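Written out below as structure tokens is the structure these notes cover.
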Amino acid sequence: MGSLFDIRLVFEYFPTIISRFHITLLIVVVAIGVGLLLGLFIALARMYKIPILNQLSIVYVSFIRGTPLIVQLFIIYYGFPLLLDEIGIDVTQWEKLYFVLIAYGLNNAAFMSEIIRSAISSVAVGQHEAAYSVGLSRWQTLRRIILPQAFLTAFPVFGTRVVTTFESTSLAFTLGILDMIGQAQAIGSRTYHELEGYVVLAIIFIAVSMILEKIFIYAEKRLILNRR
Amino acid sequence: MKKHILFYFLLAVIAGALLTGCGSKQAAEQSASGSSPREISVGAGSNFEPYTYIDKDNQPAGYDVAVLKEINRRLPQYQFKYQSIELKNLLLSLDAKKIQLATQQFERNPDRENKYLFTNEGFANYDKRLIVAKGRTDIKTIDDLAGKKVGCGQGSNTAAILEKYNQSHDNKINIVYVQNGNSAVYDDIVNGRLDAGVMTRKTFKRTNDAFGGGLDIVDDNLFSKSEAYFILSKNETQLRDDIDTVLKEMKADGTLSKLSYEYTNSDYNVE
């Protein structure tokens with residue numbers, strides 16, 4: 001019948017695999033969205049040293065950054081429901097995708113919080129003092145003076161984070177999510193041709209990553225030009 | 001002010017937790033009292049054509065799934081719900097109560113029997129033999145594997161047998177865990193990264209046909225003799241007995257043979 005690699009199959013598989021792109025996209029968008037919101041919250045808790053929340057944030061961030069994403073996925077998908085089961089909440093039959101979205105969101109929150117925190121710290125102390133001296137409140141200072149400046153510093157790192165998240169979605173298949181990777185493996189085991197699927201994946205991932213990078217570089221230039 | 005916010009936040013969290021908790025309990029009671037069929041979550045392996053794989057419509061498919069669907073047809077008191085899970089996470093999913101029944105041509109072994117429940121009726125012959133590169137003659141029995149690199153799936157019974165061999169022998173087999181199904185094993189053996197693999201005669205034929213015939217099967221003796229069973233969580237004895245009864249019927253009336261021919265081109269009880 002066949003051989004190990006057949007170039008025609010690359011073209012044949014392409015539409016099937018790209019048809020699962022929305023799952024990958026969903027994971028990235030939710031992860032970045034949740035990450036930004038929760039990350040800002042964590043960063044502020046740490047900046048303003050809010051009791052308890054500050055300590056919790058430190059432990060949380062170092063746990064997430066110190067453990068592989070795949071471990072977090074397994075803990076949230078397999079471990080967490082057992083824990084909730086003990087107190088009478090049954091979530092074991094939830095859709096897998098929810099667990100994956102939660103895991104990616106929580107993971108990104110830790111990284112985002114560090115990006116935001118470092119960006120806020122990079123704004124000179126004098127800016128805070130000047131804002132307070134003209135009578136702005138803490139929230140007003142943050143919103144009108146500090147965050148716009150911090151945003152410029154954070155933006156390039158944020159772009160890298162988006163690309164990294166996009167690539168890390170490949171781990172979701174280990175829980176049985178049918179994203180692009182899952183589709184490629186499913187085709188592979190069904191038709192006994194796996195390599196071709198991976199070639200398709202490589203092409204899609206390189207293309208999307210390059211597009212994302214270009215967009216971010218362009219946006220960065222525009223932002224900095226507008227500010228100066 | 002800040003304290004107030006924290007207080008309300010905690011209150012909301014607790015209230016939310018209580019509400020969802022009560023809600024799920026009510027739902028559970030309802031389904032127990034009503035006569036609606038009991039829902040059983042079934043995990044089927046994701047990459048073992050023709051037994052368990054994911055079909056063109058992204059649904060679990062294969063011989064195992066077809067047999068289960070027929071069983072479900074004859075047991076209207078249950079409603080099977082299928083999902084595809086990688087082999088190495090199937091048993092973990094049973095542990096975590098994600099599923100109540102798992103299938104990917106599971107063989108019995110003592111470790112598994114301690115933790116899980118097996119059906120008493122098997123539904124496929126699963127005698128396995130050693131697989132080597134074409135023309136290679138130095139490997140005939142499991143003892144010839146000592147010091148050689150042998151590929152097997154993580155969490156498979158082959159892995160369990162090889163690990164057991166290593167525990168009781170000084171001259172150890174070099175076990176290599178393979179992730180990506182048959183094409184990786186084929187490629188590794190043909191290119192000499194692995195010295196041998198272990199397959200059933202049926203899987204060997206399909207793999208060899210698919211990739212160009214670079215493998216040989218050791219005909220002289222069996223690597224292991226066994227059958228494939230469905231595997232269930234420890235407390236599902238009723239479901240196990242029901243499935244056993246139906247499997248016996250299906251063997252008697254020829255349905256199982258028919259399904260086996262449809263998916264594997266051979267009868268369920270031949271090698």
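Laboratory data are not the source of any read-out in this text; all were calculated from the coordinates shown. Just so we're clear, the structure is a prediction, and the values are computed from it rather than from any experiment. FYI the Cβ positions are ideal-geometry reconstructions off the backbone, even for glycines, and counts take in every protein chain you see.
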Members of B:Lys97/B:Lys149; B:Lys148/B:Lys251; B:Lys56/B:Lys251; B:Lys98/B:Lys164; B:Lys56/B:Lys140 lying beyond 32 Å, as alpha-carbon distances in this model show:
B:Lys97/B:Lys149; B:Lys148/B:Lys251; B:Lys56/B:Lys140
Residues of the range B:224-245 with amide N under 19 Å of a point placed 7 Å along Cα→Cβ from B:Lys258
B:245
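Given R₀ = 35 Å, what would the calculated FRET efficiency be for A:Glu129 paired with A:Val71, taking r from the Cβ atoms and rounding to 0.05? Intermediate values should be presented prior to the final figure.
Values: r = 43 Å, r/R0 = 1.23.
Approximately 0.20, to the nearest 0.05.
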Under a Cβ-only charge scheme (Lys and Arg +1, Asp and Glu -1), can you give me the dipole magnitude of chain B about the Cα centre, in debye to the nearest 20?
940 debye
Compactness of chain A - radius of gyration and Dmax, Cα, Å
21.5, 80
Would you mind getting me the FRET efficiency between B:Asp220 and A:Val59? Use the beta-carbon distance for r and R0 = 56 Å, nearest 0.05.
0.40
Full-extension gain in nm, B:Ala146 to B:Lys172, via 0.36 nm per residue minus C-alpha separation:
8.8 nm
A correct fewest-to-most ranking of B:His169, A:His193 by other Cβ atoms within 10 Å would be B:His169, A:His193
Cβ-based exposure ranking for B:Ser41, A:Ser137, B:Ser46, A:Ser118, in which fewest neighbours within 10 Å come first
A:Ser137, A:Ser118, B:Ser41, B:Ser46
Can you put B:Thr255, B:Thr245 in order of Cβ neighbours within 10 angstrom, beginning with the fewest?
B:Thr245, B:Thr255
Given a Förster distance of 51 Å, report the FRET efficiency between A:Phe5 and A:Tyr48 from their Cβ-Cβ distance, rounded to the nearest 0.05.
0.35
Residues with amide H under 5 Å from that of B:Val178, placed H, sequence gap 5 or more:
B:Cys152, B:Gly153, B:Gln154
Charge dipole (chain B, unit charges on Cβ, about Cα centre) - positive-most of B:Asn235, B:Phe48, B:Val150:
B:Asn235
Going 7 Å from the Cα of B:Lys81 along its beta-carbon direction, which residues of the range A:12-28 have the amide nitrogen within less than 16 Å of the resulting point?
none
Within the under-11-Å Cβ sphere about A:Gln183, not counting A:Gln183, Lys/Arg +1 and Asp/Glu -1 give a net charge of +2
About its Cα centre, how strong a charge dipole does the protein assembly as shown have in debye, to the nearest 20, once Lys and Arg get +1 and Asp and Glu get -1 at the Cβ?
2380 debye
What angle do you read, to the nearest 10 degrees and between 0 and 90, between the alpha-carbon axis of helix B:63-74 and the longest principal axis of chain B?
50 degrees
Only four residue types carry charge here, +1 at the Cβ of Lys and Arg and -1 at the Cβ of Asp and Glu. Report the dipole size of the range B:128-217 about the Cα centre in Debye, rounded to the nearest 20.
300 debye
Can you tell which of A:Tyr48, A:Thr92, A:Thr160 lies farthest toward the positive end of the dipole of the range A:24-176, using +1 and -1 charges on the Cβ of basic and acidic side chains (Lys, Arg; Asp, Glu)?
A:Tyr48
Give me the net charge of A:Ile115's neighbourhood, meaning all other residues with Cβ under 14 Å from the Cβ of A:Ile115; Lys, Arg count +1, Asp, Glu -1.
+3
